[in-house]
Amino acid sequence: MEWLSAFNVFMFILFSLQVNAQNGVMQVSEMGSLDEQNYCFVYNSNWTPIPPTFNSSLRIFTSTYLCKEDDIPVVVKGLAILVMRKNCSFSEKAIIAQKKEATALVIASEQELNIPSGNSSTLDKVNIPVVLVKYTDVQALEQHFKGNLTVKLSVPVAPLFDSSIVVLFLIGVLTVALGGYWSGAAERNEMDSQTALEGDGRRTEKSDVLIFSPLKIVVFVGIMCGMLLLLYYFYRFLVYLIICIFCIASAMALFHCLSVLLEKVPYGRCSFSCRSKTVEIRMILLGAACITLSVIWAVYRNEDSWVWILQDFLGVAFCLNFLRVIKISSFKLHVILLSLLLVYDVFFVFITPFLTKSGESIMIDVASGGGSSDEKNGGSVLQGLPDSTSRREKLPVLMRVPRLNDPAPNVCGIQFSILGYGDIIVPGLLVAYCHRFDIWVNNSSRIYFISCTIAYAFGMGLTLLVLLLTKMGQPALLYLVPCTLITSSIVAWRCKQMRQFWVGSNYEVLDSTREPLLQGGKDP
């Protein structure tokens with residue numbers, strides 16, 4: 001059971017960074033006509049930028065992939081050209097279009113839109129705009145327009161600050177604070193129950209503290225790396241496994257969270273006995289409701305207009321239950337775990353682009369849907385997998401809030417600001433430990449818990465500030481881990497309790513004074 005619990009922990013700590021596509025608007029019209037149609041496109045802002053006033057004639061070649069120069073036998077000098085996705089990389093198509101002196105390359109995709117990517121050495125040779133559009137939009141514009149076409153490419157200027165970031169900030173901080181508080185309250189109840197049992201001459205063992213060793217933590221982080229690599233290579237299959245696990249885990253977590261509240265209600269306690277066990281009818285109904293909500297999310301998970309509310313609700317319940325149940329016994333183990341996860345996060349975001357053929361980080365590739373590098377035919381094509389015309393499945397390991405100040409919501413659909421569960425759970429484990437330590441040493445001021453929660457809020461604010469300034473997705477653990485670890489260490493040092501704090505629940509507690517003792521003697 002210990003290994004199973006740890007497996008569930010790390011399954012949902014896998015991803016601390018998610019990225020959104022960079023969108024723009026493609027405006028198509030017939031020459032000499034005032035009739036215009038707008039379509040959404042995706043582009044890579046690290047490639048050639050879109051000129052503010054790009055305007056060009058458009059030629060459509062939906063019968064070619066433009067993987068060879070003779071795929072388009074006609075002259076396209078000075079024109080924007082539209083070709084189909086697949087069979088070769090985005091950068092290869094762009095270089096061929098560039099040689100033919102096209103002004104821009106529009107690529108029609110039958111798959112879900114991803115940010116175009118490619119090898120960095122090849123991208124340096126591309127100096128024309130490259131954008132990706134939906135093939136269904138191309139079919140629509142071909143039916144709507146019959147004459148010569150012109151195209152305008154524009155990128156709406158998004159405000160530097162979006163109000164959805166504040167909502168995500170509040171979700172993260174409140175979830176960590178409530179989860180940490182709940183963990184400490186459960187610890188207090190368990191200690192009181194233990195004291196009562198010992199007064200009757202009985203003793204029970206704690207069952208929900210994961211007794212990790214440093215070696216086990218290293219092994220678990222290694223397993224996480226392996227799972228991320230498996231998702232990188234077999235995303236289309238494993239994503240459904242993650243979805244199933246999320247449905248089961250979130251339904252159970254929601255039941256545990258709501259059952260605690262329901263027990264406070266003194267009404268409706270009708271029950272019946274089954275095999276010497278008493279079961280309340282309202283708990284059965286609650287369980288059925290939680291399963292129903294989980295199933296509803298699974299069925300409508302791609303309905304962006306409203307299902308994000310249900311996903312966030314289930315996600316908050318999942319994180320709260322995790323922070324209550326999963327208890328790591330010492331600050332030493334938290335230092336090892338959080339430090340390794342920080343290295344894991346930074347490595348797979350910033351280092352792996354130098355190791356992959358596409359020049360894309362493994363974390364970003366998996367987080368964005370596992371499809372940004374499947375265009376190449378130089379040994380990296382996913383052979384035998386049919387192209388999907390449906391939405392690409394996303395991993396359900398994040399909080400989502402629609403961007404409230406989106407400049408083009410009607411063209412490109414709903415855009416989301418997102419926060420990974422790992423950004424809540426990983427530092428939240430330390431916040432929960434700090435509250436339990438306050439309980440162990442009978443600290444009425446809850447200085448450890450409050451200080452670590454404030455440090456988490458500061459780290460989250462710093463993450464969002466850097467995100468706004470750089471306009472790039474950030475590995476939040478890079479900021480959250482140092483903030484929480486350093487703050488907790490300073491508080492323990494100032495309170496002269498570093499040895500107790502470092503060893504944690506390996507200390508024994510006197511029944512009468514609740515003062516911590518070393519197993520081998522009193523702490524100086």
For region 22-154, size of Cβ-based charge dipole, Lys and Arg +1, Asp and Glu -1, in debye:
240 debye
Pairwise label distance in nanometres, residue 166 with residue 46, each label 7 Å out on the Cα-Cβ vector:
3.3 nm
Listing 183, 273, 489 by rising number of other beta-carbon atoms within 10 angstrom, fewest first, gives 273, 489, 183
Flagged links, alpha-carbon separation over 20 Å, of 332/496; 93/134; 327/496; 152/394; 86/134:
327/496; 152/394
Contour minus Cα-Cα distance for residue 99 and residue 296 (0.36 nm per residue)
65.8 nm
Which percent of the Cα-Cα distances in region 22-154 go past 18 Å?
48 percent
Round to the nearest 0.05 the FRET efficiency obtained for residue 227 and residue 33 when R0 = 56 Å and r is the Cβ-Cβ distance.
0.55
What is the order of 61, 348, fewest Cβ neighbours within 10 Å to most?
61, 348
Apply the Karplus parameterisation 6.51 cos²θ - 1.76 cosθ + 1.60, with θ equal to phi minus 60°, to every residue of region 479-487 and state each ³J(HN,Hα) to the nearest whole Hz, in sequence, with x for glycine and proline.
10, 6, 5, x, 4, 6, 5, 5, 4
Please list, in chain and number order, the residues 5+ apart from residue 417 or on another chain whose amide H is under 5 Å from its amide H, with Hs placed from the backbone.
401, 403
Rounded FRET efficiency, nearest 0.05, which uses the C-beta distance separating residue 127 from residue 219 and R0 of 45 Å
0.40
Determine the gain in length on full extension of the stretch residue 343-residue 493; use 0.36 nm per residue of separation and subtract their C-alpha separation, reporting nm with one decimal.
51.4 nm
Amide H to amide H under 5 Å from residue 271: which residues, 5+ apart in sequence or cross-chain, H placed 1.01 Å off N in plane?
281
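Just so you know, all these numbers are worked out from the coordinates, no wet-lab data involved. If you're wondering where the values come from, they're calculated on a predicted model, not measured in any experiment. Here Cβ is always computed from backbone atoms with ideal geometry, including for glycine, and neighbour counts include all displayed protein chains.
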